[in-house]
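There's a structure below that I have some questions on.
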Amino acid sequence: MHGRVKVRTSEEEKARKEKERHEKLKIFKHAMHSIQTKRNQGELDKELLEITGKVLSSNPDIYTLWNIRREILIVFRKNVESDEDISKLYDDELYLTEHCLKINPKSYCAWHQREWVLAIRPDPDWKKEVTLCNTYLKLDERNFHTWDYRRFVISKCKPSLNEEFVFTTEKLFDNFSNYSAWHYRSKMLVALYPDLEGGRPIDDQHHKHELKMVESAAFTDPDDTSAWFYQRWLLGAVKTTVEPVVCTVTPIKTTVAFNKHVSKNFIAQNISLVINDVLVPGEWISCSGNEYDLLWLFKHNETVVDNLDVKILYLTESNEKETIYCNKYKQCSYIGKNKIDFQLKYSEPVIEELNKQLDSCRQLLALEPDSKWTMLTTTFLLHCLDAKQHYKEVLEKLETLKKIDVMRAGYYSDLKTKWSIEEQIADDYQNDRDSLVIRFNEKITYLPHLQYYNFCETVDFSNQNLTSNMLHSLVMLQHCKNLNLENNKLTTLQDFPLLDLDVLNVQGNHLQEEEVRKLKEKCNYKIKF
């Protein structure tokens, strides 16, 4: 028996741990009581700094204590005269954060405190901070707290962007499954390699190179999502322009819709309404009441009658003057439509690479037909390369995705709605249709691009899958008179916007009669319920 180590039974070990926990809790409560008492009494001194430091050394995520330490340091900074003493205070604080980060490398509070100290001290050592980031990223290359802190440090010391870009490459080759590295890389890619001549976010050579790199990452582990998301970003990295899409001028109301959200200042500088070759003065008002909007109302005092020459002049991003001519569509009313094209525009080298990746995705799907990320990427590639040509196949793949990825079925339904409506808009504009009726078989789930139809007096959304969450979007229908929302999934009309309707049909929904009655009292149009 002599010389043998006594092994505690499980009950003894449990009792010992419980006693230790109780003692630690007792010490912690006493320390927190002391801290709160001193703070309430305004005693922001070294003793309080010492007590908070001891607690944080064991529990680095108590953000209140870090706040108290900042209060103390601000007071000390005002009262301490020696630069050497102030530097020591900062060094001690940085040392404490390092100690806390060793306990928890993902402590929001410790990283934030370190950033705060370096932001206020006059002599920060940024090279040391870069080294610190390197150390922690060697321990865990996916620690997004470290990546976030690194972006802060780099913004201050401003090293070569190319060096940082190479750094992300090294980290990604260590582990492709690194959201933070891909995100950081995207920011530098646009800054380092913009397409200065073509106006694209990334020049063709590097765009193609990144697509190849991300393909390698995605096919190394098809179930990892980080590379697929980066590829999705690359697919969207194309040249886009802000343009007016339709102008409607009536005796009651004038509106101009845009393909992207624009500000009042943007419109005032770039858009003009001209009637009979005379510039019309007026005020632009957001349709939704926001600073940026898709549809803007133009308040003016011009009398709108028949036989007018109405046009919209706008200045493009390349400072070229363009004109939208408004044609009469009924008595004293005019509509002017711009060319509509939702197809993304890629350069030939990038298109060549996208076609290669599409072939690779098809091959992988042949081996793993239920690989949702491969199928979703195939779907996006088809849509990006030629949405019209591949429209039917895209919808079929989205329907398959709804079955193999049930948890995201709503997302796939929304994609079907968005892309189907984009197809219809182009056709409606080409054929000068002046009413909005869903003309495809898919039931829509929300209302994208509704500003393109703001001129329509008749809008039929009957027998769809619309919920009350989309009601606020209807504010875009500023010229609508007959709105049909029959047989949808509406449960409330609480967010229904103020519109100049003649008839609103909400039959076949799950609405309360009392709520419909209240809406009738507020409006002056007929409601079918």
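The values are calculated or read from the model by the stated rules, or taken from the named source; none is laboratory data. Because the structure is a prediction, the values reported are computed rather than measured. Cβ coordinates were reconstructed from backbone atoms using ideal geometry, including for glycine residues, and neighbour counts include every protein chain displayed.
Just one of the numbered conditions (1) of a type in the set (A, V, I, L, M, F, W, C); (2) closer than 22 Å to residue 124 by Cα; (3) crowded, with 17+ Cβ neighbours inside 10 Å; (4) at pLDDT below 90 is not true of residue 80; which one?
So the condition that residue 80 fails would be (3).
If I filter segment 32-54 for residues that are touching a residue at least 40 places away in the same chain (Cβ under 8 Å) and assigned to a helix (DSSP H, G or I), do I get at least one hit?
As a first pass, look at segment 32-54 and keep what is touching a residue at least 40 places away in the same chain (Cβ under 8 Å): 53.
Those left that are additionally assigned to a helix (DSSP H, G or I): 53.
Yes, the conditions are met somewhere in segment 32-54.
Which condition from (1) at pLDDT 95 or above; (2) surrounded by fewer than 16 Cβ atoms within 10 Å (Cβ to Cβ); (3) touching a helix residue (DSSP H, G or I) at 6+ places or on another chain (Cβ under 7 Å) is the one that residue 495 breaks?
(1)
Can I ask one more? For segment 429-468, which residues satisfy the criterion of being closer than 19 Å to residue 247 by Cβ and outside any helix (DSSP H, G or I)? Let's see the steps before the verdict.
Kept after step one, since they are closer than 19 Å to residue 247 by Cβ, are these residues of segment 429-468: 429-436, 449-457, 459.
Hits for segment 429-468 are 431, 432, 433, 434, 435, 436, 449, 454, 455, 456, 457, 459.
Can you pull out the residues in segment 365-383 that are out of contact with any Lys or Arg (no Cβ under 7 Å at 6 or more places or on another chain) and crowded, with 19+ Cβ neighbours inside 10 Å?
Within segment 365-383, the first condition is being out of contact with any Lys or Arg (no Cβ under 7 Å at 6 or more places or on another chain), and the residues that meet it are 365-374, 376-377, 381-383.
Of everything in segment 365-383, those that are out of contact with any Lys or Arg (no Cβ under 7 Å at 6 or more places or on another chain) and crowded, with 19+ Cβ neighbours inside 10 Å turn out to be 373, 374, 376, 377, 381, 382, 383.
I've got another one for you. Test residue 25 against the stated conditions and say whether it is out of contact with any strand residue (DSSP E or B) (no Cβ under 7 Å at 6 or more places or on another chain), in a helix (DSSP H, G or I) and either at pLDDT below 90 or not assigned by TED's automatic domain parsing to the domain that holds residue 101 (or both).
Numbers: out of contact with any strand residue (DSSP E or B) (no Cβ under 7 Å at 6 or more places or on another chain): yes; in a helix (DSSP H, G or I): yes; either at pLDDT below 90 or not assigned by TED's automatic domain parsing to the domain that holds residue 101 (or both): yes.
Spelling it out, residue 25 is indeed out of contact with any strand residue (DSSP E or B) (no Cβ under 7 Å at 6 or more places or on another chain), in a helix (DSSP H, G or I) and either at pLDDT below 90 or not assigned by TED's automatic domain parsing to the domain that holds residue 101 (or both).
Tell me, which strands (runs of 3 or more DSSP E) wholly within segment 239-353 include 2 or more residues that are of a type in the set (D, E, K, R) and without any contact (Cβ under 8 Å) to a residue 60 or more places away in the chain? Write out each step before concluding.
Numbers: elements: 244-249, 254-263, 271-275, 283-286, 292-299, 310-315, 321-330, 333-337.
The strands (runs of 3 or more DSSP E) meeting that bar are 292-299, 321-330.
Moving on. Name the pairs: first residue in segment 518-529 and within 12 Å of residue 493 (Cα to Cα) and not assigned by TED's automatic domain parsing to the domain that holds residue 507, second residue of a type in the set (Ser, Thr, Tyr) and outside any helix (DSSP H, G or I), Cβ to Cβ under 7 Å, at least 6 apart or on different chains?
Going by the 7 Å Cβ cut-off, there are no qualifying pairs.
Mind listing whichever residues of segment 287-336 are of a type in the set (Ser, Thr, Tyr) and within 16 Å of residue 269 (Cβ to Cβ)? Explain how you work it out, then say what you get.
Of segment 287-336, the ones of a type in the set (Ser, Thr, Tyr) are 288, 292, 303, 314, 316, 318, 323, 325, 329, 333-334.
Scanning segment 287-336 gives 292, 314, 316, 318.
While we're here: Which one is nearest to the chain's Cα centre (by Cα) among residues in segment 475-522 that are under 27 Å from residue 246 (Cβ atoms) and acidic (Asp, Glu)?
495
Shifting gears a bit: Looking at segment 166-185, can you tell me whether even one residue there is over 21 Å from the mean Cα position of the chain (by Cα), in contact (Cβ under 8 Å) with a residue 24 or more places away in the chain and closer than 17 Å to residue 346 by Cα?
No: segment 166-185 contains no residue that is over 21 Å from the mean Cα position of the chain (by Cα), in contact (Cβ under 8 Å) with a residue 24 or more places away in the chain and closer than 17 Å to residue 346 by Cα.
Which members of segment 154-202 meet the condition of being part of a loop (DSSP other than H, G, I, E, B), under 15 Å from residue 144 (Cα atoms) and among the hydroxyl-bearing types (Ser, Thr, Tyr)? Reasoning before the result, please.
Looking only at segment 154-202, we keep the residues that are part of a loop (DSSP other than H, G, I, E, B), and these are 158-160, 175-178, 193-202.
Of the ones still in play, those that are also under 15 Å from residue 144 (Cα atoms) are 175-178.
Selection gives 177 alone.
For segment 345-364, give me each residue that is aromatic (Phe, Trp, Tyr) and either surrounded by fewer than 20 Cβ atoms within 10 Å (Cβ to Cβ) or in contact with a strand residue (DSSP E or B) (Cβ under 9 Å, 6 or more places away or on another chain) (or both). Give the derivation first.
The first filter runs over segment 345-364 and keeps only residues aromatic (Phe, Trp, Tyr), leaving 346.
Those that are aromatic (Phe, Trp, Tyr) and either surrounded by fewer than 20 Cβ atoms within 10 Å (Cβ to Cβ) or in contact with a strand residue (DSSP E or B) (Cβ under 9 Å, 6 or more places away or on another chain) (or both): none in segment 345-364.
Quick check on my filter: what residues within segment 203-225 are more than 18 Å from residue 381 (Cβ to Cβ), out of contact with any Leu (no Cβ under 8 Å at 6 or more places or on another chain) and part of a helix (DSSP H, G or I)?
Within segment 203-225, 205, 220 qualify.
In segment 498-510, what count of residues is obtained for those that are polar (S, T, N, Q), buried (at least 19 other Cβ atoms within 10 Å of the Cβ) and assigned to a loop (DSSP other than H, G, I, E, B)?
To start, the set of residues in segment 498-510 that are polar (S, T, N, Q) comprises 505, 507, 509.
In the following step, the residues that additionally are buried (at least 19 other Cβ atoms within 10 Å of the Cβ) were identified as 505, 509.
Then drop every residue that is not assigned to a loop (DSSP other than H, G, I, E, B), which leaves 509.
Final tally of qualifying residues: 1.
Follow-up. What are the residues in segment 469-481 that are polar (S, T, N, Q) and not in a helix (DSSP H, G or I), if any? Steps first, please.
Of segment 469-481, the ones polar (S, T, N, Q) are 469, 473, 478.
Correct list: 478 only.
For residue 130, are the conditions met, namely being more than 27 Å from the chain's Cα centre (by Cα), within 27 Å of residue 227 (Cα to Cα) and outside the structural domain of residue 67 (by TED's automatic domain parsing)?
Working: more than 27 Å from the chain's Cα centre (by Cα): yes; within 27 Å of residue 227 (Cα to Cα): yes; outside the structural domain of residue 67 (by TED's automatic domain parsing): yes.
Judged against the criteria, residue 130 is a match.
Go through the residues of segment 482-489 one by one and say whether even a single one is surrounded by fewer than 18 Cβ atoms within 10 Å (Cβ to Cβ), on the phi < 0 side of the Ramachandran plot, of a type in the set (D, E, K, R) and not in a loop (DSSP other than H, G, I, E, B).
Checked segment 482-489: at least one residue is surrounded by fewer than 18 Cβ atoms within 10 Å (Cβ to Cβ), on the phi < 0 side of the Ramachandran plot, of a type in the set (D, E, K, R) and not in a loop (DSSP other than H, G, I, E, B).
Residue by residue, here is whether (1) assigned by TED's automatic domain parsing to the domain that holds residue 299; (2) farther than 19 Å from residue 290 by Cβ holds:
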residue	(1), (2)
214	no, yes
221	no, yes
225	no, yes
234	no, yes
258	yes, no
263	yes, no
268	yes, no
275	yes, yes
279	yes, yes
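Restrict the check to segment 107-118 and report whether at least one residue is closer than 30 Å to residue 214 by Cα, of a type outside the set (Lys, Arg) and in a loop (DSSP other than H, G, I, E, B).
No - not one qualifying residue is present in segment 107-118.
Shifting gears a bit: Answer with yes or no whether residue 388 is basic (Lys, Arg), part of a helix (DSSP H, G or I) and outside the structural domain of residue 450 (by TED's automatic domain parsing). Step through it out loud before you land on a result.
Numbers: basic (Lys, Arg): yes; part of a helix (DSSP H, G or I): no; outside the structural domain of residue 450 (by TED's automatic domain parsing): yes.
Considered against the rule, which asks whether it is basic (Lys, Arg), part of a helix (DSSP H, G or I) and outside the structural domain of residue 450 (by TED's automatic domain parsing), residue 388 comes out as no.
Answer with yes or no whether residue 513 is over 29 Å from residue 415 (Cβ atoms), of a type in the set (Asp, Glu) and crowded, with 16+ Cβ neighbours inside 10 Å. Outline the logic, then answer.
Numbers: over 29 Å from residue 415 (Cβ atoms): yes; of a type in the set (Asp, Glu): yes; crowded, with 16+ Cβ neighbours inside 10 Å: no.
Criteria not met by residue 513.
Evaluate the following for residue 243: is it charged (D, E, K, R) and within 30 Å of residue 284 (Cα to Cα)?
Numbers: charged (D, E, K, R): yes; within 30 Å of residue 284 (Cα to Cα): yes.
Here the answer is yes, as residue 243 does meet what is asked.
Do you know which of the residues in segment 234-243 that are surrounded by 16 or more Cβ atoms within 10 Å (Cβ to Cβ) and touching a helix residue (DSSP H, G or I) at 6+ places or on another chain (Cβ under 9 Å) is farthest from residue 312 (Cα to Cα)?
So in segment 234-243, the residues surrounded by 16 or more Cβ atoms within 10 Å (Cβ to Cβ) come out as 234-235, 237-238, 243.
Next cut, touching a helix residue (DSSP H, G or I) at 6+ places or on another chain (Cβ under 9 Å) only: 234-235, 237-238.
On the way: 234: 34, 235: 33, 237: 30, 238: 27 Å.
My answer is 234.
Hey, another quick one. Identify all residues within segment 256-287 that are crowded, with 16+ Cβ neighbours inside 10 Å and touching a helix residue (DSSP H, G or I) at 6+ places or on another chain (Cβ under 9 Å); write none if there are none.
Correct list: 256, 257, 258, 259, 262, 284, 286, 287.
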